[in-house]
Amino acid sequence: MIILGIESTCDETSAAVVEDGRKILSNVVASSSAMHKKYGGIVPEVAAREQIKVIIPTIDEALQVSGNKYQDLDAIAIAYGPGLIGSLLIGVETARALALAWNKPLIGVNHLVGHIYANWLAPIGISNLPKFPLIALVVSGGHTDLILMKGHGKFKWLGGTRDDSAGEAFDKVARVLGLGYPGGPEIERIARNIKYQMDKFSFENPNIKFPRPMINSKDFDFSFSGLKTAVVDKLSLRSSSLDKLGTTGLRVKSLEFRVKREEIAHEFQEAVTDVLLKKTFAAAKEFGAKSVVVGGGVAANSVLRQRMEDGGSKNNIEVFFPQGRLAVDNGAMIAAAAFYERNFVDPLALRADPGLHF
Ligand code: KG4
Ligand code: ZN
């Protein structure tokens, strides 16, 4: 079954052609991320305008690269929520129009479910698949959720963040540290410097210790907004002075600050990872999970990945992460989810749903 997957929920516009939910024939991603850098976060209006410009060329390219014509497609899949309304509308209206014009079945996909199914996409040489029941941890820019999956399309939401998502915490902390957007890769990069120093000279950073919010709560909920406050306190910044940072963030260039912010980035990353790990394996234990799958942009974090894999070995549970760039938003994951879920929808009735949940 050959599916064209379309993703346009946020600042990426992506189209992919995937065979039988696993084999990627093409996966084209256009991003307006660079345009939001100077604002330190996504500007929805700008993201939507860019979606309009690139969506048709992106779909065109995905078909060309895959070696298929539209006549070869068995279905079109579209992420219809959650996300930014302006961005969503572009993708949903395009997919509806194409489904009608090309006379193809349309499959609606929850973007978060797409992140989970990124783990079914088969990179060369990997044939192992997650086994049910499984626990899925979705850690993206907008969400942090723990889900129990008993089979394809069978989701039970166990808990999620009560305030900021993990990705949002990375982005906000990066901003107060004067780093670029998106914040996750920047934090990971500077945390690596200090980790190297710490390993080499075997020192710990006793001055910098952040809380592990809700780590011992008996539920599967999270809270990350307090971590940003803890970072601000460590930087000895009053919250009111944050407002004066403007869009370019802090410009403090002293060596002292650089070292301090590397330590902060490292300890922040450890704090987030500790909480995600503890809750995920607690859920896996409680529900007798055979696998743990992680998805969403934060799954691109190599420290999270390493520690999750170590946790998997310790708990005797296989842990799956999307390969390469498949953790961040892309069309292939939407096509994969569509293949397994088969949520066929009426092209005339489908509406974008910014608040869609599990
Ligand atoms: O899933 P995604 O591409 O978009 C949403 O659906 O929101 O996730 C984007 C988020 C951003 O918050 C970004 O900072 C975070 O994923 N992210 C990372 C890394 N790469 C992206 N967070 C931590 N470490 C990374 N390497
Ligand atoms: Zn996403």
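The values are calculated or read from the model by the stated rules, or taken from the named source; none is laboratory data. Just so it is clear, the model here is predicted, and its values are computed rather than measured. Here the Cβ positions follow ideal geometry from the backbone for every residue, glycine too, while neighbour counts run over all protein chains shown. With ligands, DNA and RNA removed, areas are computed over all heavy atoms of the protein, side chains included. Shrake-Rupley method; radii C 1.70, N 1.55, O 1.52, S 1.80 Å.
Worth a mention:
- Residues in the range 280-295 that are more than 16 Å from ligand 1 (Cβ to nearest atom) and not in a helix (DSSP H, G or I): 287, 288, 289, 290, 291, 292.
- Number of the exception - residue 298 against (1) assigned to a helix (DSSP H, G or I); (2) aliphatic (A, V, I, L, M); (3) farther than 26 Å from residue 14 by Cβ: (3)
- In a residue-by-residue description of the range 302-322, the property of being within 16 Å of ligand 2 (Cβ to nearest atom), more than 18 Å from residue 182 (Cβ to Cβ) and either β-branched (Val, Ile, Thr) or in a helix (DSSP H, G or I) (or both) applies to no position.
- Note on the range 319-339: residues that are at pLDDT 95 or above and farther than 14 Å from residue 112 by Cα total 4.
- Lone unmet requirement of (1) open to solvent by 10 Å² or more (accessible area, probe 1.4 Å); (2) under 15 Å from residue 14 (Cα atoms); (3) more than 16 Å from ligand 2 (Cβ to nearest atom); (4) not charged (D, E, K, R) for residue 83: (3)
Results for (1) without any contact (Cβ under 8 Å) to a residue 24 or more places away in the chain; (2) closer than 29 Å to residue 189 by Cα, shown as yes or no for each residue.
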{"position": "313", "(1), (2)": "yes, yes"}
{"position": "344", "(1), (2)": "no, no"}
{"position": "349", "(1), (2)": "yes, no"}
{"position": "355", "(1), (2)": "no, no"}
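- Within the range 1-58, being within 16 Å of ligand 2 (Cβ to nearest atom), surrounded by 21 or more Cβ atoms within 10 Å (Cβ to Cβ), in a helix (DSSP H, G or I) and not polar (S, T, N, Q) holds for one residue alone: 47.
- Within the set 327, 336, 300, 352, the sole residue that is within 16 Å of ligand 1 (Cβ to nearest atom), more than 18 Å from the chain's Cα centre (by Cα) and either within 24 Å of residue 150 (Cα to Cα) or surrounded by 17 or more Cβ atoms within 10 Å (Cβ to Cβ) (or both) turns out to be 352.
- Single match in 129, 137 (criterion: hydrophobic (A, V, I, L, M, F, W, C) and open to solvent by 10 Å² or more (accessible area, probe 1.4 Å)): 129
- Condition check for residue 158 on (1) within 13 Å of ligand 1 (Cβ to nearest atom); (2) open to solvent by 10 Å² or more (accessible area, probe 1.4 Å); (3) in contact with a helix residue (DSSP H, G or I) (Cβ under 7 Å, 6 or more places away or on another chain): one failure, at (1).
- Residue match in the range 142-161 (condition: within 14 Å of ligand 2 (Cβ to nearest atom), modelled with pLDDT of 95 or more and either farther than 28 Å from residue 318 by Cα or β-branched (Val, Ile, Thr) (or both)): yes
- The set of residues from the range 318-342 being under 16 Å from residue 81 (Cα atoms) and among the β-branched types (Val, Ile, Thr) comprises 328, 334.
- Given (1) within 16 Å of ligand 1 (Cβ to nearest atom); (2) over 30 Å from residue 89 (Cβ atoms); (3) out of contact with any Lys or Arg (no Cβ under 9 Å at 6 or more places or on another chain); (4) among the small types (Gly, Ala, Ser), number of the condition residue 313 does not satisfy: (1)
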